[in-house]
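The values are calculated or read from the model by the stated rules, or taken from the named source; none is laboratory data. Source: prediction; values computed, not measured. Reconstructed Cβ throughout: ideal geometry from the backbone, glycine too, with neighbour counts over all protein chains shown.
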Amino acid sequence: MNFSLSFRTRLNIVLTIVIGAICAFVYFYIPGKMEEQSMSIMRSKARAMVEISATTAAPAVYFNDADALAEVVRMAQNNTDLRFLIITDHTSQLVAGHNVELALTSNYRLATANGLRSTDQRTYMILTPILMNGKSVGTMYVGISLDQILAEIRQSRQVLFFVCVVVMFIGIVLVHIVSYFVTRPINSMASVFRHIAEGDYTKRVAMTAIRETDHLAESFNRMADSVQKAQAELHLANKSLEYRVAERTRDLQREIQQHKITEIALRESEERYRTLIDLSPDGIAVHNEEKFLFVNSSMTTMLRSHGSAELLQSSILDFLPGGRKVEFREHLIRLLYGTEQTLITEETLLLPDGSHIVSEIAATKLTYQGNPSIQIVIRDITQRIRNEERRVMLEKQMVQVQKMESIGTLASGIAHDFSNILSIIVTGVNKLAFLKEVNMESIADISGHITRAANRGSALVKQLLTFAKKSEIKFETLSVNPIILEIAKVLQQTFPQDISFDFRLAANIKAIKADSNQIHQVMLNLCLNARDAMPNGGRLVIATENIPTSSINHVGIKVRESECVCVKVTDTGIGMSEEMKKRIFEPFFTTKEQGKGSGLGLAMVYGIVESHRGFIDVVTKEGEGTMFCLYFPALNEQYVLQK
């Protein structure tokens, strides 16, 4: 049985419950509040009366004066609310009292200093100590009647009950009246709703004298108008939809035909893709954790297999050296299960015929036939590695040739210096040979000149051998200052006398990561170019300093370090034009006469500085000299210049 209440009934019930709850709250709350306030006043009065009485009775109790005690009791009896008064001495013996039997019935000894109601709730009992000179000489018990308070509360409850009944009755009547006027328009609207639901869109809600319901009725009527209009539009839309469905059916037939054409094109595209895979010079394969799933023809040829069927029974791990199999297998597992995205590595593959190839392997994850797999692309770079090794060897040879060319340019100065050294030695020998008077002092003096000249020649040869010797490139932590000072000794001995030197080396220059022989070569080439740029003499300045990277304005700056070591080589020579400046680092470009320069010196300087992660700035102007600024990334270490 489906039992449901109408909106009107529910509204009546809810409002009736609300009014009843309010009346109940008023009935219980107000008397309770009145009783609480009356008791608060009673407690204050009782406390004041007992304190005054105790103060008055203190001398009488202390001196055990019966007449005085009787007077205290008589004075207390004047209070009409007093039910009993009990006075005891310090031994709790009764010494005076009023209505002692009532006090015993009320069990006065349960009274407290804060007050307490008796068991029958009609008496408020309170005690206070009787003090004399600060000492307790007895106790006073007082009982105050609560009958008047209780009577007032009963009377207020009766009045409130009557008021609540009247309010409840009036409220229920008003609730029924309000619910009637509220639900009547709703019932009217419901009737119209039923007609509209049955398809009769001509019905409308009638207006009433209530503004709110009229607004609702007006809104509903507008909605009904919109629904009626929408119904007409829907009818037209149905007709249009039928036409569009027929049109779409024809379109689908055309799409099916186009789909068939697309499938044919897709098959042709797949054939072309397969052809491209097979014609690729790189080996392309699909591999899972254990073996190949697909290989192209280049992979078969590269791995010296007799056919793809034979290769599909093997794994990429079968072609790796024993020490690489475990690590490579771990890479494959990480690729398959998502912890690694791509793998690019160089591996040496051991082939079945005993040979080997150096390969570049790129592996990425893909889905093949619905399963996670790995695409492996192998490129044979054996020949490229060989070509690279040959290129490095040729570069080393070119560096050595350039070194020898630099040494050759110093030949005239070296020959002149050796000529002076040999002249000193020959002169000394002749003096020894034709010495008329032999004495140890003359022999020691001549032999000292010969020894010093020989030592100069030995030191010069040692420095030339240092420049000319072949050595492997070895990057190490070093300072540029000692290298510059070492080169300075050779330059000062071999350069023309009309060229002066100025060395401005920073005392606490930062260290760099470099190859000392290559830095020798760079400095030697720049100094020789400076000498050639000053045919009539001049001044050569070599300076070093630490410069913050942020203060360098250069398009080629790539270093991440916060500081750079700057080496400046400045001459006062003929300088260069802007066109020449743009080409000075091109290989085989030279401004010297034919046969006097290969054009590789500055190109080699540029290459060496680039290989050290540095860069070069050139400042020059025709007739005003040239300055080369070399910048190298600085390390945190410092080298103190030893003077």
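For segment 293-306, which residues satisfy the criterion of being within 13 Å of Pro352 (Cα to Cα) and surrounded by fewer than 18 Cβ atoms within 10 Å (Cβ to Cβ)? Let's see the steps before the verdict.
Going residue by residue through segment 293-306, those that are within 13 Å of Pro352 (Cα to Cα) are 300-306.
Once the filter is applied, which keeps residues that are within 13 Å of Pro352 (Cα to Cα) and surrounded by fewer than 18 Cβ atoms within 10 Å (Cβ to Cβ), segment 293-306 yields Thr301, Arg304, His306.
Go through segment 307-323 and give me each residue that's within 47 Å of the chain's Cα centre (by Cα) and more than 18 Å from Gly354 (Cβ to Cβ).
From segment 307-323, those within 47 Å of the chain's Cα centre (by Cα) are 312, 314-323; that's our starting set.
The answer is Leu312, Ser315, Ile316, Leu317, Gly323.
Does Ile547 qualify as being part of a strand (DSSP E or B) and touching a residue at least 60 places away in the same chain (Cβ under 8 Å)? Quick ask: steps written out before the conclusion?
Values: part of a strand (DSSP E or B): yes; touching a residue at least 60 places away in the same chain (Cβ under 8 Å): yes.
Here the answer is yes, as Ile547 does meet what is asked.
Kindly establish whether Ile126 is surrounded by 12 or more Cβ atoms within 10 Å (Cβ to Cβ) and closer than 17 Å to Ile41 by Cβ. It would help to see each step written out before you state the result.
Numbers: surrounded by 12 or more Cβ atoms within 10 Å (Cβ to Cβ): yes; closer than 17 Å to Ile41 by Cβ: yes.
Taking the combined requirement at face value, the residue satisfies it.
Please go through (1) surrounded by 15 or more Cβ atoms within 10 Å (Cβ to Cβ); (2) at pLDDT below 80; (3) closer than 30 Å to Val175 by Cβ for Met39 and return the number of the only condition it doesn't satisfy.
Unmet condition: (3).
One line per residue, one yes/no per condition, for (1) farther than 30 Å from Leu332 by Cα; (2) acidic (Asp, Glu); (3) modelled with pLDDT of 75 or more:
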position: Arg244; (1), (2), (3): yes, no, yes
position: Gln253; (1), (2), (3): yes, no, yes
position: Arg274; (1), (2), (3): no, no, no
position: Ala285; (1), (2), (3): no, no, yes
position: Leu303; (1), (2), (3): no, no, yes
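Just a yes or no: is a residue in segment 36-52 free of Cβ contacts under 8 Å to residues at least 12 places away in the same chain, within 18 Å of Asp81 (Cβ to Cβ) and either among the hydroxyl-bearing types (Ser, Thr, Tyr) or not assigned by TED's automatic domain parsing to the domain that holds Ala151 (or both)? Working first, answer last.
Within segment 36-52, the first condition is being free of Cβ contacts under 8 Å to residues at least 12 places away in the same chain, and the residues that meet it are 36-37, 40-41, 44, 48, 52.
Still in the list and also within 18 Å of Asp81 (Cβ to Cβ): 37, 40-41, 44, 48, 52.
Subsequent filtering for residues that are either among the hydroxyl-bearing types (Ser, Thr, Tyr) or not assigned by TED's automatic domain parsing to the domain that holds Ala151 (or both) retains 40, 44.
Yes, segment 36-52 contains a residue that is free of Cβ contacts under 8 Å to residues at least 12 places away in the same chain, within 18 Å of Asp81 (Cβ to Cβ) and either among the hydroxyl-bearing types (Ser, Thr, Tyr) or not assigned by TED's automatic domain parsing to the domain that holds Ala151 (or both).
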